[in-house]
Amino acid sequence: NKQLAIDTAKEQMAAARAQSVEDMLTVIRGAGNVVSSASVFLSNFPEQASSLVGLDVLYSQIQGNEHYYGLYSAAAQSGDFYQNINLPSDWRTFGPDQRPVPEGIDRVQRIISERADTRVETYYWTNDGTPPRPFLSRATEYDPRSRPWYIGAIEQSEIFITPLYLFESTGGLG
């Protein structure tokens with residue numbers, strides 16, 4: 001009976017491991033499709049890349065998918081940064097100053113750009129039914145070109161998955 005229990009446990013662990021690997025590959029393949037679609041959009045409509053409307057288009061690629069924290073892009077020359085962040089329904093606060101998330105908000109948009117010789121980051125609350133509302137705007141030193149995800153993506157032509165690092169926007173692990 002003992003050997004049967006051990007053999008059964010081994011079989012169940014092997015099946016669970018195989019399913020976990022398949023689940024991870026499904027997420028990674030999906031990420032590849034998202035990155036590919038975003039690249040096509042950004043290449044064909046570069047003027048939209050720096051707008052809230054462009055962020056809405058990009059968000060449509062990850063909307064409702066709990067596996068994606070966000071989708072973002074950066075301008076190689078200027079270091080301008082455009083980010084969509086999915087807010088899990090159980091998050092009550094968000095941002096560098098941990099502001100309360102308003103009722104019905106499911107996403108944050110963040111834009112960092114140069115204004116009058118100062119890098120400024122602006123965060124917006126948004127959802128599908130309302131226009132984005134700015135809730136924080138401040139000077140920042142953030143340059144996406146120095147972040148591990150940017151460096152890895154530039155150095156590798158395939159999908160790049162970073163090791164865990166701290167998100168600059170929340171201080172949490174990502």
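The values are calculated or read from the model by the stated rules, or taken from the named source; none is laboratory data. Treat the numbers as computed from the prediction; the structure is a model and nothing was measured. Counting neighbours? That spans all protein chains shown, and the Cβs are built from the backbone with ideal geometry, glycine included. All accessible areas refer to the heavy atoms of the entire protein, side chains included, with ligands and DNA or RNA removed. Shrake-Rupley method; radii C 1.70, N 1.55, O 1.52, S 1.80 Å.
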Just to check your reading of the model, which residue among Ser137, Ser113, Ser157, Ser89 is of a type in the set (Gly, Ala, Ser), part of a strand (DSSP E or B) and either touching a Ser or Thr at 6+ places or on another chain (Cβ under 6 Å) or without any contact (Cβ under 8 Å) to a residue 40 or more places away in the chain (or both)? Ser137
How many residues of segment 113-146 are in contact with an Asp or Glu (Cβ under 9 Å, 6 or more places away or on another chain), open to solvent by 50 Å² or more (accessible area, probe 1.4 Å) and at pLDDT below 90? The answer is 2
Scan segment 33-61 and report the pairs whose first residue is in a helix (DSSP H, G or I) and open to solvent by less than 50 Å² (accessible area, probe 1.4 Å) and whose second residue is modelled with pLDDT under 80 and of a type in the set (Lys, Arg), with Cβ atoms within less than 6 Å and a gap of 6+ or a chain change. none
Please count how many residues of segment 72-86 are open to solvent by less than 20 Å² (accessible area, probe 1.4 Å) and part of a loop (DSSP other than H, G, I, E, B). 1
Counting only residues that are surrounded by 14 or more Cβ atoms within 10 Å (Cβ to Cβ) and either modelled with pLDDT under 80 or of a type in the set (A, V, I, L, M, F, W, C) (or both), segment 147-158 contains a total of 3
If you go through segment 1-21 one residue at a time, how many are in a helix (DSSP H, G or I) and open to solvent by 80 Å² or more (accessible area, probe 1.4 Å)? 9
Can you tell me which residues in segment 160-174 are assigned to a loop (DSSP other than H, G, I, E, B) and within 22 Å of Gly30 (Cβ to Cβ)? Phe160, Ile161, Thr162, Pro163, Leu164, Tyr165, Phe167, Gly174
Take the conditions in a helix (DSSP H, G or I) and either under 13 Å from the mean Cα position of the chain (by Cα) or within 24 Å of Ser51 (Cβ to Cβ) (or both) and apply them to Tyr150. Does it pass? yes
I'd like to verify a number: residues in segment 100-110 that are among the charged types (D, E, K, R) and part of a strand (DSSP E or B), how many? 2
